[in-house]
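A short write-up of the structure that comes next.
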Amino acid sequence: MYIFLFPLLLGFVFISASTFTTFYSRHFGERAGRLICTILRDVIGIPVWAVGYALSAMASSIDLFNTGLISSLFAWLLIIAGGVIICVGLWSLRWRAAAPSLQDTLVVNGLYAHIRHPLYTGMLLELCGLFLWIPTSPVLAACILGVIWAFAQARLEELDLTQRLPAYKAYMKRVPAFVPKLKLG
């Protein structure tokens with residue numbers, strides 16, 4: 001029943017390669033570091049991670065609550081909103097997202113003017129939507145692990161970004177991590 005945990009956790013490990021961009025580039029050279037990060041994260045990690053989530057959704061388990069039209073619509077609204085946020089964030093990053101390097105520049109426009117981690121914000125919305133859509137214990141476990149991983153990954157990524165991008169520390173002070181500041185009045 002919990003076989004999905006192996007690819008899910010293995011995917012998290014490989015996707016976390018992006019937090020070692022500086023390390024790989026300094027030890028193996030700029031080009032090799034970028035290639036290592038891209039292969040580990042994009043070619044291996046993301047597909048393995050996706051298999052873990054698919055297996056959690058297919059695991060036989062009883063629903064933790066009854067779903068209806070409203071919860072299904074809300075689930076899909078969260079999934080779509082998360083997907084849109086991720087796509088817009090990836091568009092802003094362009095190649096920086098697929099193949100990070102020491103030559104990257106700081107993106108502070110678009111969604112990145114309001115939150116530092118729109119990709120993780122989108123993922124968090126999608127995970128909430130996934131659980132509302134398929135409310136089983138394997139999906140709940142996978143989503144909880146995904147939330148924990150997203151927060152840890154964001155923190156580790158920021159450690160790497162402060163090494164690669166000197167302006168990132170000031171950016172962290174003025175822009176919130178996951179939820180934009182509300183301007184009242």
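The values are calculated or read from the model by the stated rules, or taken from the named source; none is laboratory data. All figures in this text were calculated on a predicted structure; none of them were measured in a lab. Glycine gets a Cβ as well: all are built from the backbone with ideal geometry, and neighbour counts include every protein chain shown.
Below are the figures for this structure:
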{"read-out": "The lone exception for TYR53 - which of (1) more than 14 Å from PRO100 (Cβ to Cβ); (2) modelled with pLDDT under 95 it fails", "value": "(2)"}
{"read-out": "Some residue of segment 117-124 being loosely packed, with under 15 Cβ neighbours inside 10 Å and at negative phi", "value": "no"}
{"read-out": "So ILE134, is it of a type in the set (Val, Ile, Thr), closer than 20 Å to LEU55 by Cα and free of Cβ contacts under 8 Å to residues at least 12 places away in the same chain", "value": "no"}
{"read-out": "Count of residues meeting criterion [of a type in the set (Asp, Glu) and in contact with a His (Cβ under 9 Å, 6 or more places away or on another chain)] in segment 136-185", "value": "2"}
{"read-out": "Qualifying residue in segment 88-101 (condition: assigned to a helix (DSSP H, G or I), of a type in the set (S, T, N, Q) and either at pLDDT below 95 or surrounded by 18 or more Cβ atoms within 10 Å (Cβ to Cβ) (or both))", "value": "yes"}
{"read-out": "Residues of segment 13-32 satisfying the condition of being surrounded by 15 or more Cβ atoms within 10 Å (Cβ to Cβ), over 20 Å from TRP149 (Cα atoms) and not polar (S, T, N, Q)", "value": "PHE23, TYR24"}
{"read-out": "Extreme residue, farthest from the chain's Cα centre (by Cα), among residues of segment 64-95 that are over 30 Å from LEU161 (Cβ atoms) and of a type in the set (Gly, Ala, Ser)", "value": "GLY68"}
{"read-out": "Any chance LEU73 is surrounded by fewer than 19 Cβ atoms within 10 Å (Cβ to Cβ), closer than 18 Å to ALA152 by Cβ and modelled with pLDDT of 90 or more", "value": "no"}
{"read-out": "Conditions (1) in contact (Cβ under 8 Å) with a residue 24 or more places away in the chain; (2) over 18 Å from PHE4 (Cβ atoms); number of the one not met by PHE28", "value": "(1)"}
{"read-out": "Residues of segment 146-185 that turn out to be without any contact (Cβ under 8 Å) to a residue 60 or more places away in the chain, closer than 11 Å to LEU106 by Cα and outside any helix (DSSP H, G or I), as a count", "value": "1"}
{"read-out": "Qualifying residue in segment 45-64 (condition: under 21 Å from GLU126 (Cβ atoms), in contact (Cβ under 8 Å) with a residue 24 or more places away in the chain and in contact with a Cys (Cβ under 9 Å, 6 or more places away or on another chain))", "value": "yes"}
{"read-out": "Every residue from segment 37-63 that is more than 19 Å from the chain's Cα centre (by Cα) and either in a helix (DSSP H, G or I) or within 16 Å of TYR2 (Cβ to Cβ) (or both)", "value": "MET58, ALA59, SER60, SER61, ILE62"}
{"read-out": "Check on ASP104, under 22 Å from ARG155 (Cα atoms), outside any helix (DSSP H, G or I) and acidic (Asp, Glu)", "value": "yes"}
{"read-out": "In segment 1-36, the residues that are under 24 Å from PRO166 (Cβ atoms) and either of a type in the set (A, V, I, L, M, F, W, C) or not in a helix (DSSP H, G or I) (or both)", "value": "ALA17, PHE20, PHE23, PHE28, GLY29, ALA32, ILE36"}
